[in-house]
1. Considering the alpha-carbon set of segment 61-211 alone, what are its Rg and its Dmax in angstrom?
2. Dividing the convex hull volume of the Cα atoms of segment 273-361 by its residue count, what figure in Å³ per residue is obtained?
3. What whole-number value in cubic angstrom gives the convex hull volume per residue for the C-alpha atoms of segment 172-323?
4. Can you grab the distance from the C-alpha centre of segment 234-267 to the C-alpha centre of segment 113-163, Å, no decimals?
5. Mind putting a number on the dipole of segment 1-126 about its Cα centre? Charges go on the C-beta only, +1 for Lys and Arg and -1 for Asp and Glu, and I need it in Debye to the nearest 20.
6. Give the relative contact order (percent, whole number) for the chain; include only Cα pairs under 8 Å separated by 6+ residues.
7. Within the accessible area of the chain, what % is carbon and sulfur when the probe is 1.4 Å and the other protein chains stay in place?
8. Accessible area per residue, 1.4 Å probe, Å², for the chain: what's the number?
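The values are calculated or read from the model by the stated rules, or taken from the named source; none is laboratory data. As the structure is a computational prediction, the values presented were derived from the model and not from experiment. Ideal geometry is used to build each Cβ from the backbone, glycine not excepted, and the neighbour counts take in all protein chains shown. For the accessible areas, the whole protein counts, side chains as well, though only heavy atoms, and no ligand, DNA or RNA atoms are used. Shrake-Rupley method; radii C 1.70, N 1.55, O 1.52, S 1.80 Å.
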Amino acid sequence: MSRPVLARIAPGAFRHNYLLARQRSGGARAWVVVKADAYGHGMQACVAAVRDVADGYALLEHEAAVALREAGVTQPVLRLEGAFSGAETQAAAQLGLTLVVHSPAQVAMIEQSALGAPLDVYFKINTGMNRLGFAPAEAAAALARLRSSGKLGRITLATHFATADVEAGIDAQLDCFRRVATQLDPAGQLPRSLANSAALLRFPAAHADWVRPGIMLYGGSPMPGLQSAQALGLRPVMTLTSRLIGVQQVQAGERVGYGGTFTAPQAMRIGVVACGYADGYPRHAGTGTPVMVDGQRSRTLGRVSMDMLAVDLTDLPDAGVDTPVTLWGEGMDADEVATAAGTISYELFCALAPRVPREVV
Ligand SMILES: *Cc1c(COP(=O)(O)O)cnc(C)c1O
């Protein structure tokens, strides 16, 4: 038998989640956001699952965009940070990719490259997140420069929200976007794109022409503090499982794991799971992080090590070596695990280590 840790990827769940995203988007078209190898799930399997229904794919990496075209994908492909060089800009025009343009340097790349075909762009406006995009006061001049290059195809106006997933919401950024968009495009002829998963689900006013759902497609709640993935009707796509490879009987007062951070309050049985931070399980997950052992909820004990973690078998008298464990996914909400570890499901999924075998089911 090989080491038992395994990530199962469920393309059917991915498809379900995409169709749900579309259904919740009014009439807007929906990018399938597959950056970072589909949030760690494997881009190919996810793309294959929605190939006949996807409106387009959004990602970061030039190589991944090229791979989609080489695989025969004909839908729009959007690079969310745009190009990093003139060569990438040129390749984008030739491959029919859509580039975000967020900086004067990217405007210059377009001006200075011989493109050979019109380039579709997402003109990005910084409406308050202060990450990427043109400031409202700079936007008109930048767009005019782009237009006068004569190299553009379709132009879409875009922004990104900082707090769509929390109480604060999007009002200030939405107002800012509308103001700038009206100035740039008074007749309202250009398509617009604003919403990530959280805005798609919470704020229909932000749906516009294209939505950009990411995490919800993978079955993570974009706002675990407000609503669980299950309550939203989402299905987990990645299920990380392993098995017990050891059992210890400890006495009251004995400690468990590195640093001895867990002390047994009474005699108890402890299971050792073949899964650690070198597999992508978060080391910050302290004692009490939920885990499914033999289909029953239990908790982790002590520190996560590189290759193993310990679980409480107090209420699992029949559990022993080979007992199956689900770290997250089907039966164990990844958002709960992430919250216990002080992070978000996005990070759990993206951190899945290359050494973990994946099985597309
Ligand atoms: C990653 C990303 C998204 C998707 O965000 P989710 O929170 O995963 O839905 C949307 N837009 C941009 C610009 C992104 O970078």
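1. Cα radius of gyration and Dmax of segment 61-211 are 15.3, 47 Å respectively.
2. Considering the Cα atoms of segment 273-361, their hull volume per residue is 97 Å³.
3. Details: hull volume 23.3 nm³, N = 152.
Dividing the Cα hull volume of segment 172-323 by its residues yields 153 Å³.
4. Comparing the Cα centres of segment 234-267 and segment 113-163, I get a distance of 51 Å.
5. On the way: 11 positive and 10 negative charges, 125 e Å.
Value, rounded to 20: 600 debye.
6. Values: 807 pairs, mean separation 65.2, N = 361.
Here the relative contact order equals 18 percent.
7. C and S fraction of accessible area: 51 percent.
8. Result: 42 Å² of accessible area for each residue.
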